[in-house]
Amino acid sequence: MIATSSNFYQVGASLQVDAPSYVRRQADEEFYQKLLAGKFCYVLNSRQMGKSSLRVQTMQRLQEQGTVCAAIDLTGIGKVTQEQWYGGIVYNLSESCQLEDRFDFDWQIWWGKHQTILSPVQCLNLFIEKVLLAKIQSPIVIFVDEIDKVLSQDFSLDDFFALIRFFQNQRVDNPIFERLTFALLGVATPGDLINNKSQTPFNIGEAIELHGFKIDEVEPLIRGFKEDLIIPKG
């Protein structure tokens with residue numbers, strides 16, 4: 001048997017949304033259904049388990065249902081000051097939701113105006129409530145990938161996790177927050193990420209478990225073998 005060259009398989013990095021080798025697992029349906037229902041979810045697991053590919057696939061399915069999805073990869077923010085970190089989150093949300101193109105919104109002018117009088121976490125709170133949820137009437141899911149990168153900062157990000165919990169709790173008093181959902185993905189445990197356990201959102205969220213492939217799930221991979229192998233005659 002002689003193997004032929006093929007782009008069917010990929011080692012490392014996220015798979016494209018239409019990648020034929022993507023294997024849909026139980027976690028795919030669970031993640032999608034819970035986010036569609038507005039549940040705060042987190043996928044915390046070791047590396048190379050398919051977390052980012054899961055995010056890409058889930059975003060595509062949610063968008064097909066009319067949900068606006070914003071993706072924040074904390075790797076791209078790097079090690080910065082507290083003001084720069086929260087400013088980077090606002091920038092990413094503005095870009096992901098195309099606020100400038102759709103609503104002529106200039107995030108830099110808005111941030112410059114508010115960050116002089118409010119704390120960075122207050123600015124993010126105000127931006128999400130008064131800008132994001134006010135301008136976009138559809139359900140919104142904010143995916144934060146590589147969440148473990150918060151550990152590399154020189155300041156505590158407990159307030160960021162407390163803000164997610166605050167948004168969840170606000171649903172009782174303010175219905176607009178029912179349209180807002182967070183999904184966190186990364187290599188960590190909840191205990192690693194937050195020091196003040198009274199502020200953690202993880203005890204009111206849904207953990208999505210990623211397991212290895214089951215035999216009845218790997219048909220896409222088998223298809224690739226069929227395409228990549230030539231069986232000589234004789």
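The values are calculated or read from the model by the stated rules, or taken from the named source; none is laboratory data. All values derive from a computational prediction rather than experimental measurement. As a convention, Cβ positions derive from the backbone with ideal geometry for all residues, glycine included, and neighbour counts pool all protein chains shown.
Looking only at the range 161-190, residues that are among the acidic types (Asp, Glu), under 17 Å from ILE136 (Cβ atoms) and part of a loop (DSSP other than H, G, I, E, B) come to 0 in all.
Mind telling me which of the residues GLN108, GLN122, GLN115 ends up being among the polar types (S, T, N, Q) and more than 13 Å from TYR86 (Cβ to Cβ)?
Selected residue: GLN108, the only one of GLN108, GLN122, GLN115 that is among the polar types (S, T, N, Q) and more than 13 Å from TYR86 (Cβ to Cβ).
When we screen VAL43, VAL80 for residues that are touching a residue at least 12 places away in the same chain (Cβ under 8 Å), farther than 16 Å from ILE142 by Cα and of a type in the set (A, V, I, L, M), the only hit is VAL80. Determine, yes or no, whether TRP110 is aromatic (Phe, Trp, Tyr) and under 17 Å from the mean Cα position of the chain (by Cα). Judged against the criteria, TRP110 is not a match.
Taken over the range 7-42, the criterion of being of a type in the set (D, E, K, R), modelled with pLDDT of 95 or more and part of a loop (DSSP other than H, G, I, E, B) is satisfied by LYS39 alone. Each residue in the range 34-48 was checked for being surrounded by fewer than 19 Cβ atoms within 10 Å (Cβ to Cβ) and either under 15 Å from the mean Cα position of the chain (by Cα) or among the basic types (Lys, Arg) (or both), and 5 pass.
Test GLY186 against the stated conditions and say whether it is at pLDDT below 95 and exposed (fewer than 11 other Cβ atoms within 10 Å of the Cβ). No.
In the set VAL80, VAL90, only one residue is crowded, with 21+ Cβ neighbours inside 10 Å and hydrophobic (A, V, I, L, M, F, W, C); that residue is VAL90. Take the residues in the range 155-183 that are of a type in the set (Val, Ile, Thr) and within 25 Å of VAL56 (Cβ to Cβ), then tell me which one is surrounded by the fewest Cβ atoms within 10 Å (Cβ to Cβ). Going through the qualifying residues, I end up with ILE164.
Within this structure, LEU54 passes the test of being surrounded by 15 or more Cβ atoms within 10 Å (Cβ to Cβ) and either modelled with pLDDT under 95 or under 15 Å from the mean Cα position of the chain (by Cα) (or both).
Restricted to helices (runs of 4 or more DSSP H) entirely inside the range 43-142, those with at least 3 residues that are of a type in the set (S, T, N, Q) are 51-64, 82-96.
Could you tell me whether any residue of the range 151-160 is among the hydrophobic types (A, V, I, L, M, F, W, C) and assigned to a helix (DSSP H, G or I)? Scanning the range 151-160 turns up at least one residue that is among the hydrophobic types (A, V, I, L, M, F, W, C) and assigned to a helix (DSSP H, G or I). Among residues of the range 108-130 that are at pLDDT 95 or above, those with a Cβ under 7 angstrom from a residue that is part of a loop (DSSP other than H, G, I, E, B) and of a type outside the set (S, T, N, Q), sequence gap 6+ or separate chain, pair up as LEU126/LEU118.
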